[in-house]
1. Can you tell me which residue among Gly133, Gly102, Gly37 is under 27 Å from Tyr212 (Cβ atoms) and not polar (S, T, N, Q)?
2. Going by the structure shown, is Val28 β-branched (Val, Ile, Thr), at pLDDT below 95, closer than 30 Å to Met318 by Cα and not in a helix (DSSP H, G or I)?
3. Do you know which residues across the stretch 1-25 are touching a helix residue (DSSP H, G or I) at 6+ places or on another chain (Cβ under 8 Å), part of a helix (DSSP H, G or I) and crowded, with 17+ Cβ neighbours inside 10 Å?
4. Return the residues of the stretch 382-392 that are in contact with a Gly (Cβ under 7 Å, 6 or more places away or on another chain) and part of a loop (DSSP other than H, G, I, E, B); say none if nothing qualifies.
5. Enumerate the pairs (first residue in the stretch 109-132 and open to solvent by less than 10 Å² (accessible area, probe 1.4 Å); second residue anywhere and modelled with pLDDT of 95 or more and β-branched (Val, Ile, Thr)) with beta-carbon separation below 7 Å, excluding pairs fewer than 6 apart on the same chain, so at least 6 apart or on different chains.
6. Taking the stretch 438-481 on its own, how many of its residues are touching a residue at least 24 places away in the same chain (Cβ under 8 Å), of a type outside the set (D, E, K, R) and in a strand (DSSP E or B)?
7. Out of the residues in the stretch 265-284 meeting the condition of being more than 16 Å from Arg250 (Cβ to Cβ) and of a type in the set (A, V, I, L, M, F, W, C), tell me which one is surrounded by the most Cβ atoms within 10 Å (Cβ to Cβ).
8. Determine whether the stretch 192-205 contains at least one residue that is surrounded by 19 or more Cβ atoms within 10 Å (Cβ to Cβ), within 16 Å of the chain's Cα centre (by Cα) and at pLDDT below 90.
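The values are calculated or read from the model by the stated rules, or taken from the named source; none is laboratory data. These numbers were taken from a predicted model, which means no experiment stands behind them. Every residue, glycine among them, receives a Cβ derived from its backbone with ideal geometry; neighbour counts consider all protein chains shown. We work out accessible area using only protein heavy atoms, side chains counted, and drop any ligands, DNA or RNA first. Shrake-Rupley method; radii C 1.70, N 1.55, O 1.52, S 1.80 Å.
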Amino acid sequence: MPVQDLVGRRKEAAILEKYYASDKSEFVAVYGRRRVGKTYLVQKIMGDRFDYDFSGLYGTQAKAQRQRFQKALDRRTGSTGQEPANWFDAFDNLKDYLLSLGKERVVVFLDELPWLDTQKSNFLVALSDFWNGWHNGKTLLKLYVCGSATTWMVNRLIGDPGGLYGRISRSIYLAPFSLRETGEYLNQIKGMNYGNRKILDAYMIFGGIPYYLDMLDSDLPLSVNVDNLMFAEGAPLRTEYEFLFRSLFRDSSSYRKVVELLSQTLSGLTRLDIVRGTGLTGGELSKVLDNLKSCDFIRSYTAPRNKIRNQLYQLTDMFALFHLRFVSSSSGQDEHYWTKNSETGKKNAWAGYAFEQVCLHHLAQIKQKLGISGMLSQAYAWSMKPYTDADGSHWKGAQIDLIIDRSDNVQNLCEMKYCNDEFVIDKDYAETVRARMESYRRHEKCRKDLRCTFITLSGVKSNMYSSIVDNQIRLDDLFAE
């Protein structure tokens, strides 16, 4: 498939082609969140060149996996081979078949690799032996592998300290679509004819996950699509959240505890908060938090002057946030729940937070609009509890959800607002913003220039109080490349 025919993924597709065309054997690993399109990408670019392909099966014992592995090989050879007693035999059979083809290049695709690495199966050792033992000057091996269990892919495969150490030719992280790519997919592929506002609404619910976006019906309004996919009886995505965690983590209950706790507090929680809320401690909690970050479910942040123990963790996966806020609590509710509840306090609160997460996913576009794309910067959030300083001044608690700390001695303190029309700043809100900025300056002893930056859907309405705004970023700006 020509690279130019893909929506998004052009860079990743070009990498797959480059390593296929090289003059040596290559081992390419593609990883990323489940449903993000890893298998689709490899199959579209390389599928007609596969000499062998196989996908691991979820929750299946090693013996059954090897049987299926051999069956896939038998279909290629047209004969029945001996069932392999172990993974070493299975890969030996594969090697014999590939060399028998007499080709200059042979292409192997192994999908859902983590599901093949069952306990005591020695799968990874056998894979290492297969790759390291490929010494054939006449035939180049092009080995492509995928996996949704990101932590396994990063730690066990790409970061393997054993036989595969340094052997991966190239790893490719496949991120969810951006807003721009989501729009291209919905309009060019799905024929949805959505404007930017409707694309944003879809993104806040489904994230930039192609698998979910592909399920939208172009003949139906977005709200009806959401009802059909999430709330109706037998809705196909109603149980998706549970399957996500079961398929990614062996002890999924601990991971769900953390994610579900974080979904209740939009501003984020400290590690101590999570300990109190889940009962998880020590190394177990560290592993859970690290793995959730690797799989793009959560993020962690701290201001530079804060101690690491004050680090905050925040749920960032759009689909998980929506599911926990609405779907998991909708048992017995109307199957037209989303269509009928377009304007509620709960929905508006979710939309405000979801829009903040969209902004955090598009920091590159925000920096581009500010004209600082090439400038070194850090992005973080900041909060403080009420306190009284040395001179007796009383300071209220405050929070800033996004600060862009630039190397030119400027900081953009960002207000992110989801509202249908132009955002109106009145006298009270203007005073709140000024007080918040001054609290930040005093508390952090900040000597940099502070710029009040508003990120909104339609801009800030010009009035006598809007002069506090130094920079404006609108929804359309988040669609930049």
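1. Only one candidate passes the filter, namely Gly37.
2. No, not satisfied.
3. Glu12, Ala13, Leu16, Tyr20, listed by residue number.
4. Lys385, Pro386
5. As it stands, the answer is Phe109/Val42; Leu110/Val145; Leu113/Val145, since those pairs meet every condition given.
6. Number satisfying all stated conditions: 9.
7. Leu269
8. There is no residue in the stretch 192-205 that is surrounded by 19 or more Cβ atoms within 10 Å (Cβ to Cβ), within 16 Å of the chain's Cα centre (by Cα) and at pLDDT below 90.
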